[in-house]
Each structure stands twice: as structure tokens, then as C-alpha cells.
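Before any comments, here is the structure.
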Amino acid sequence: MNIVLRIIIITAATILMSCAEKTKPTFSKQVGIPIEGTWRLITGTTIEKGTATVIHYTKNQSFIKIINDTHFAFLQHDLSKGKDSVASFSSGGGSYTLKDSLYTEHLEYCSAREWEDNDFSFTVSIKSDTLIQSGIEKIEAEGVNRINIEKYVRLKSQIKN
């Protein structure tokens with residue numbers, strides 16, 4: 001086969017391959033609300049039996065929630081290092097699902113053991129660096145039935161590359 005014929009065949013093959021329908025890459029992870037990260041709880045509002053209680057989590061305590069692609073964890077402690085009457089520590093975590101704005105936590109581990117193995121569904125929204133989640137926390141055996149609205153701010157990475 002002469003060189004001109006080889007060039008024609010290679011050129012024709014290249015043109016035909018470039019005309020093939022392009023397929024979109026598939027992702028194993030759902031693209032949607034960018035919920036992954038570390039979040040500091042700023043305020044929490046609970047409404048129970050018509051009474052609203054607001055807690056400011058920046059006074060005397062700190063609460064963070066860490067969310068990766070499959071799991072979440074939360075940590076809360078007092079800022080007095082356990083040395084006064086407001087000494088406290090709580091933690092928990094488990095798996096979650098996120099479909100559109102419906103975020104459902106399955107609490108697998110919790111320092112309040114009676115909360116374990118329960119699911120809690122929330123509507124979530126993110127505006128800039130603020131995450132707001134609201135939903136109903138209900139555990140019949142514990143008499144818990146309340147609306148919970150939490151406002152978080154995304155923490156910036158402290159690691160410098």
C-alpha cells in the first residue's frame with residue numbers, strides 16, 4: 001500500500017471517530033447541594049408544644065458537624081474545658097442520604113445512646129457559606145417530638161499547601 005493511500009485511510013478513520021456521539025462521563029456520586037465539609041453550628045432553634053427555644057452555640061460551647069460523601073459526625077463540648085457547671089460533651093454520627101434538598105441522617109453512634117438507630121430527615125439549603133437544616137426530630141420512646149432548625153457556617157481549611 002502506498003503512502004498516499006495510508007494517509008487517506010488514517011484521515012478518514014480519524015474523521016469518522018470524531019463524528020461518533022460523545023457520551024457524558026458517569027459519576028458514582030450525586031451532584032447537588034455541596035454539603036460536604038466541616039460546619040460550625042451557630043444557632044439552633046427547637047419548637048416543641050408551641051414553645052420556641054433558641055440556643056446560641058457560640059457562647060460557652062462549640063459544636064461542629066463533619067460531612068463526607070457517605071457519613072456525618074458531630075461533636076459538641078463546653079469552652080470551659082469541663083471545669084465549671086456547664087461542663088458537657090456529646091457526639092454522634094452515622095450514614096446519611098441526600099436527594100435534592102432532603103437530607104436524612106441515620107444516627108448509628110451517639111453519646112445519648114437512646115437516640116441511636118433513628119432516622120432524622122431535614123430540608124437543607126446552602127447560601128454562600130451558610131447551611132440551614134430544618135426538620136422534625138421524633139423519638140416516641142423518649143417523648144421527643146419537636147421541630148429543629150439549625151444554622152451552620154462552613155469552616156475554612158486551616159491547612160496551608
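The values are calculated or read from the model by the stated rules, or taken from the named source; none is laboratory data. Note that the coordinates shown come from a computational prediction; the quantities given were computed from them, not determined experimentally. Neighbour counts are summed over all protein chains in view; Cβ atoms, including those assigned to glycine, are modelled from backbone coordinates with ideal geometry.
At a glance:
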item: For Tyr109: the one exception among (1) touching a residue at least 40 places away in the same chain (Cβ under 8 Å); (2) closer than 22 Å to Phe89 by Cβ; (3) aromatic (Phe, Trp, Tyr); result: (1)
item: Top-ranked residue in segment 119-145 [being assigned to a strand (DSSP E or B) and either small (Gly, Ala, Ser) or in contact with a His (Cβ under 8 Å, 6 or more places away or on another chain) (or both); ranked as farthest from Leu41 (Cα to Cα)]; result: Asp119
item: Gly135 vs. criteria at pLDDT 90 or above and either closer than 15 Å to Thr38 by Cα or in contact with a Pro (Cβ under 8 Å, 6 or more places away or on another chain) (or both); result: no
item: Search result, residues across segment 55-89 that are farther than 27 Å from His106 by Cβ and either without any contact (Cβ under 8 Å) to a residue 12 or more places away in the chain or among the β-branched types (Val, Ile, Thr) (or both); result: Thr58, Lys59, Lys81, Gly82, Lys83, Asp84, Ser85, Val86, Ala87
item: Where Gln61 falls short, out of the listed (1) surrounded by 13 or more Cβ atoms within 10 Å (Cβ to Cβ); (2) at pLDDT 95 or above; result: (2)
